Amino acid sequence: MQGLYRKEKTDMLTIQNLVVRYPKTEENAIDHVNLTLEKGEFVCVLGKSGAGKSTFIRSINRLERPTSGQINWEATDLTKLSEAKMRRIRSNMVMIFQHFNLIPRMTVFQNTLTGAFGKRTPYKNLLGIFSEQEKKRVYHALEEVGLEKHAHKRVEALSGGQKQRVGIARALLQDPKLLLGDEPVASLDPSTSRRVFELLKRIHTERELLTIINVHDVHLAKEFATRIIAFRDGKLIFNGKPEEVDDRRFAEIYQ
Ligand SMILES: Nc1ncnc2c1ncn2[C@@H]1O[C@H](COP(=O)(O)OP(=O)(O)OP(=O)(O)O)[C@@H](O)[C@H]1O
Ligand SMILES: [Mg+2]
């Protein structure tokens, strides 16, 4: 009976021959990268400054436009989609940024609510109208990140770690399948960074996401990742298990 019960296919993201080259530059920022990632993987991306980490992450949700190659997300090639279709798919992808990308003068509640904007009418967004249901979702997300007591504070009055937790609460409102992070802990101290990673890992596991995060701290990557990938000069030079990143690999990645 072999073959009858085939393992359910869980590949979410298949990248083929991806090239990203910025205008007026000589080198490819991402150079012929091939990679398949599955639902449930927590992937940390390593590489020295300029290696291509941000370009890679940003090309997945098309904040950067790929020059050639394919990015297949659940069997749809994102590189071929119109902006309108891409916007719809992007609503299932969230990005957490180093500098939080929050609106400082608005409250924690208002900033978190913006995570739901992609699924609401522009009219409601403009007038700040929200339903009881939406209000509950905001409070629930704030509870998940431990900020429910700060809901009505302005974001500018929060610490860096608290701001990043608002970024994560906002991401939860989007109900994502894919969680992207471009150095989300680079502005935070080591113990706050660790707590943010613990939170991301918990959310990742509970919701069975695919998570891809750039990080400069190899120790954090080794502790939390289920897979590590590394770039050098735009090329994928490592793709393996965290325990395989030993001193020799470390030197190769950062030389
Ligand atoms: N907007 C841009 N225009 C031209 N070149 C760019 C642009 N953004 C990035 N690059 C170049 O592309 C390459 C990859 O940059 P990228 O920002 O992806 O690196 P990174 O690994 O994220 O580095 P860092 O750790 O410093 O954030 C670098 O050579 C960089 O100079
Ligand atoms: Mg970067």
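The values are calculated or read from the model by the stated rules, or taken from the named source; none is laboratory data. Note that this is a predicted model, so its numbers are computed, not measured. In this analysis, Cβ positions are derived from the backbone assuming ideal geometry, glycine residues included, and neighbour counts consider all displayed protein chains.
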Problem set entry | Candidates 45, 94, 108 - the one that is surrounded by 21 or more Cβ atoms within 10 Å (Cβ to Cβ), farther than 30 Å from residue 233 by Cβ and touching a residue at least 12 places away in the same chain (Cβ under 8 Å) | 108
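Of everything in the range 62-78 that's surrounded by fewer than 19 Cβ atoms within 10 Å (Cβ to Cβ) and either small (Gly, Ala, Ser) or more than 20 Å from residue 23 (Cβ to Cβ) (or both), which residue is nearest to ligand 2 (Cβ to nearest atom)?
Once the filter is applied, the top-ranked residue is 69.
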Exercise. Could you list, in sequence order, the residues of the range 173-223 that are away from ligand 1 (no atom under 16 Å from the Cβ) and touching a strand residue (DSSP E or B) at 6+ places or on another chain (Cβ under 6 Å)?
Worked result: 174, 176, 178, 179, 204, 209, 210, 211
Exercise. Can you name every residue in the range 42-60 that is among the aliphatic types (A, V, I, L, M) and within 12 Å of the chain's Cα centre (by Cα)?
Worked result: 43, 45, 57, 60
Seminar exercise, completed: Residues in the range 167-192 that are within 16 Å of ligand 2 (Cβ to nearest atom), aliphatic (A, V, I, L, M) and at pLDDT 95 or above total 1
Problem set entry | Pairs with Cβ under 7 Å, 6+ apart, first in the range 122-133 and surrounded by 10 or more Cβ atoms within 10 Å (Cβ to Cβ), second in a helix (DSSP H, G or I) | 125/117; 130/113
Exercise. Looking at the range 202-251, which of its residues are surrounded by 14 or more Cβ atoms within 10 Å (Cβ to Cβ), charged (D, E, K, R) and out of contact with any helix residue (DSSP H, G or I) (no Cβ under 9 Å at 6 or more places or on another chain)?
Worked result: 233, 235, 249
Exercise. Can you find a residue in the range 13-25 that is within 16 Å of ligand 2 (Cβ to nearest atom), in the same structural domain as residue 202 (by TED's automatic domain parsing) and within 19 Å of the chain's Cα centre (by Cα)?
Worked result: yes
Seminar exercise, completed: Those residues of the range 31-51 which are over 17 Å from residue 95 (Cβ atoms) and within 15 Å of ligand 1 (Cβ to nearest atom) amount to 31, 32, 33, 46, 47, 48, 49, 50, 51
Exercise. Say we look at the range 150-183 and pick out the residues that are farther than 17 Å from residue 202 by Cα and among the hydrophobic types (A, V, I, L, M, F, W, C); which of these is surrounded by the fewest Cβ atoms within 10 Å (Cβ to Cβ)?
Worked result: 157
Exercise. Quick one: is residue 59 small (Gly, Ala, Ser) and either within 16 Å of ligand 1 (Cβ to nearest atom) or buried (at least 20 other Cβ atoms within 10 Å of the Cβ) (or both)?
Worked result: yes
Exercise. With respect to residue 81, is the statement that it is modelled with pLDDT of 95 or more, surrounded by 14 or more Cβ atoms within 10 Å (Cβ to Cβ) and away from ligand 2 (no atom under 16 Å from the Cβ) true?
Worked result: no
Exercise. Which residue out of 28, 17, 101 is modelled with pLDDT of 95 or more and surrounded by fewer than 18 Cβ atoms within 10 Å (Cβ to Cβ)?
Worked result: 17
For this session: Provide a single number: the residues in the range 193-249 that are under 14 Å from residue 179 (Cα atoms), within 16 Å of ligand 2 (Cβ to nearest atom) and in contact with a Gly (Cβ under 7 Å, 6 or more places away or on another chain).
Result: 2
